[in-house]
1. Out of the range B:50-61, which residues are over 13 Å from the mean Cα position of the chain (by Cα) and buried (at least 18 other Cβ atoms within 10 Å of the Cβ)?
2. What residue, of A:Arg260, A:Arg278, is among the basic types (Lys, Arg), touching an Asp or Glu at 6+ places or on another chain (Cβ under 9 Å) and either away from ligand 1 (no atom under 16 Å from the Cβ) or not assigned by TED's automatic domain parsing to the domain that holds A:Ser119 (or both)?
3. Within the range A:281-327, count every residue that is within 16 Å of ligand 1 (Cβ to nearest atom), assigned to a helix (DSSP H, G or I) and either of a type outside the set (A, V, I, L, M, F, W, C) or open to solvent by 20 Å² or more (accessible area, probe 1.4 Å) (or both).
4. Which residues, taken from the range A:698-719, are under 39 Å from the mean Cα position of the chain (by Cα) and facing chain B (nearest Cβ under 7 Å)?
5. Just checking, how many residues over the range A:513-542 are of a type in the set (Ser, Thr, Tyr) and open to solvent by 40 Å² or more (accessible area, probe 1.4 Å)?
6. Please determine, by comparing only the residues of the range A:338-372 that are modelled with pLDDT under 90 and open to solvent by 40 Å² or more (accessible area, probe 1.4 Å), which one is nearest to ligand 3 (Cβ to nearest atom).
7. Go through the range A:492-512 and count every residue that is farther than 22 Å from A:Gly478 by Cα and open to solvent by 10 Å² or more (accessible area, probe 1.4 Å).
8. Can you pull out the residues in the range A:720-748 that are outside any strand (DSSP E or B) and either closer than 23 Å to B:Val26 by Cα or not assigned by TED's automatic domain parsing to the domain that holds A:Glu696 (or both)?
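The values are calculated or read from the model by the stated rules, or taken from the named source; none is laboratory data. All figures in this text were calculated on a predicted structure; none of them were measured in a lab. All Cβ positions, even for glycine, are placed from backbone atoms using ideal geometry, and neighbour counts span all protein chains on display. The protein model used for the area step is the full one, side chains on, heavy atoms only, and it has no ligands, DNA or RNA in it. Shrake-Rupley method; radii C 1.70, N 1.55, O 1.52, S 1.80 Å.
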Amino acid sequence: MRNQNDLHDVEARCTEEQPPACSAGCPLGIDVRAFVLAMKEKSFSKAWKLLERGMPLPGVTVRLCEAPCENFCLRGELGDAIAISALEKVCLREAEHSTPIRPLPARGKKVRCIGGGASSLACAWDLAKKGYSVEIVASEGGAGAALKARLPEGALEKELEKLEGMNVRFRTTTSLTAEERVTDEIDALYIGHDDFTSGLPADLACDEFTRQCSTPQIFTGGASPQDSFITGLSDGRQAALSIDRFLQNASLTTGRFPLRHGQTTLSPETEGIEHLPRIAPAGDMYTAEEAAAEAARCIDCHCLRCVRACVYLQEYGDFPRKHARAIFNNFSIYQGVHGAYSLIDSCSLCRQCEEICPTNFSMADICLDARERLVEAGDIPPNAHYFALQEMHHAQEETSLLRHAPGHSASKVLFYPGCQLAAMRPQQVWILYNYLRGIEEETGIWLDCCGAPAHWAGRKAETKEINARFRERWLEMGSPKIVTACSSCLEHFREDGGLEVDSVWNLLVKFPPEGIHAANIPLALSDPCTARWDEETKESVRTLLQDCGQQLAPLAASGKTTECCGFGGLMENANPQLAQKVIEARVAQSEQPFLTWCAMCRDRLAKTGKPVYHILDLIFPSQARDPAEPPATISERRYNRHLLQKKFLVELYGEKETADKPWDSINIDMEEDIRLLLDSRHILEDDIRRTLAAREESDAFFVNSDGRERASAKLGDVTFWVEYRREGYIYHILRAWSHRMNLVKEGD
Amino acid sequence: MDLRFIPDDMNWICQPCGVPLEARKVEITYLNASFKVELPVCPKCGRIMVEEELATGRMFEVEQLLEDK
Ligand code: SF4
Ligand code: SF4
Ligand code: SF4
Ligand SMILES: [Zn+2]
């Protein structure tokens, strides 16, 4: 079983929150991506705030930073790096406003910063901001003297004034004496090597990460006055961070990340992005317009590969790591997931994200695990999977069949079409079974539902029970090889059931039927999501198609990256509107008609009105169905399964039909639009018949003065209502609806 | 939940009671919640009628709300 730790490992795999290369390359960790975006929008004051928040001495830093970030900018591989430094200068010109910095309340601790170079000034800046009492001891020329020559008039002074505003005291000295380094009257000392050329201790070794020396109160940085400005500045900042922790008696390293030097695990998709060269300014500096155009070259580095591919993730916004965190936190705090049910129940568990993600993050694992926990806690919304589970039970209890071939008492092979193929294409199941018996006469038949819906619904105990039952029945049959036409059954039997199973397409590719016939147009081949990693079967399907001369139209998301039809994971049950969006988006990926080898995919995709072939239409042209045919309604599906079971029993085994249900004699009739309305409301014609049978039995109903009647019955958890006109024994159905709420009759 | 849900067309008669339905306050429940709602009810046998609009509209919304709580 998965525990909380494993799940946190899963969560941590999503890298979307890692910094883009530019930020990782900035020693100050400036949010460069957000800055560039603001520049693109010409929101200069917003852009400036992003700089000012992260930079010591921003007016100086913007002008002198060597911009190591640009060395790492991903745009560099696709033209030229974004001119981040130039953009910062434009931002300074357009929006610099010196908001006085308000330091935190005084902490009563004193720090001395030796040196007037970038490192000491940065260290002083960060510490003063945090409320420490700071004194800078600079060389003769004064604080910042070495920087001054490279700055416009007044720029340095402006930043020094800000330091003064934070009560930093300045002092100069001609020669640095050892007394300055005595730590008696101060709590910590920073020694910058980027100012004084003499008087510094020769062997001042420090820890590269924390910048702490062997004497714990002493910190150092700023290699030499010639060193790069930003390295010195960064040393000062790192030392200030350590000093702050040191003075609070906190660990210098816990939860602290070393500088990234451009390294990040964020891995944005760069395929298909056009190369673009850097915009050259017409004058010395970018105009506001030019800057915005330059910023517009930024590719806005994010991962979000899975989100871009998955309609479900788009629907819920954010990205997997955030969802995972929200779900885990919910579990650990409330022992429930208030408000996240729909997120958890709507994922199709198709695992496209897992395939696409550079680190194989699986939203499917997160959602399935959450469902299992909710079911275990008895905390799953009753409606989410109700109908699919009802259908599963119906297929298992009412329309299953398991026999050796007629006239045989053993099976070498068992053909298992899958409940959906039986429900949508009974004639094709029939012809396929007879064909398979031609290959191997000891081929038995097994009509049933494999239990995948229970697994998807998170019902572990029930799934286990079903699997055990299946295994028992299979052993009773002499454990023949199961050959299935459904990739979901195949996956389920293989992974959860422990049965010997293969795909029927792997068999047919070895014994292709004579008449197999290509459609006369290229078709977009949509692989079922449960066959995502089933290389052998995908290959067989392609070989079959190729051998009969079927041309295929390109479809981006296919093979390993194929998409779900919205049935998987019971998405369509939990969130029908979303499932509809999923198929609309799917069929829009190709102008051509679709071709698939999963019955559910065929009917789901056809729901958009797109012509969709099932591979059996090509394999057995005599039984081909019109690709434009609408999907079977839920009632037709039940009817077809019954029909198939009956056909096998009567025609192959010479048995009598199974007994009718008492309500089967109820005679109903309805227009096409009502049939579709019922289908969309998950109301079965059987539900209508049962409601009317109850009405006949109790003789209780409502009647309108215009002759319409209404009857209702509570079947399971659901109350059904039927409105109809009666004509002799025929009920003309006008409307039907249902609800789960309970009506409390007076006196009850 | 609206406290009153009475259709414009109240020309409904309960069978076999043979009496017209009347607007009455009744209780409906779901999960752990309960509401008082005015619905068409047979004054004689107490059977309640639920309109299509109510079942597929407000009732459905409340069901979903309660399920996701
Ligand atoms: S393209 Fe934009 S977000 Fe990406 S690294 Fe460069 S500046 Fe940063
Ligand atoms: S629907 Fe598929 S791709 Fe989308 S999150 Fe769920 S498993 Fe991943
Ligand atoms: S593909 Fe999705 S889950 Fe994986 S790192 Fe990117 S955003 Fe995160
Ligand atoms: Zn009555």
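1. Scanning the range B:50-61 gives no hits.
2. That would be A:Arg278, the only listed residue that is among the basic types (Lys, Arg), touching an Asp or Glu at 6+ places or on another chain (Cβ under 9 Å) and either away from ligand 1 (no atom under 16 Å from the Cβ) or not assigned by TED's automatic domain parsing to the domain that holds A:Ser119 (or both).
3. 3
4. If the condition is that a residue be under 39 Å from the mean Cα position of the chain (by Cα) and facing chain B (nearest Cβ under 7 Å), then no residue fits.
5. Number satisfying all stated conditions: 0.
6. Checked the range A:338-372; the qualifying residue nearest to ligand 3 (Cβ to nearest atom) is A:Ser342.
7. Residues flagged as farther than 22 Å from A:Gly478 by Cα and open to solvent by 10 Å² or more (accessible area, probe 1.4 Å) within the range A:492-512 amount to 4.
8. Going through the range A:720-748, the residues outside any strand (DSSP E or B) turn out to be A:728-729, A:740-741, A:745-748.
Result: A:Arg740, A:Met741, A:Lys745, A:Glu746, A:Gly747, A:Asp748.
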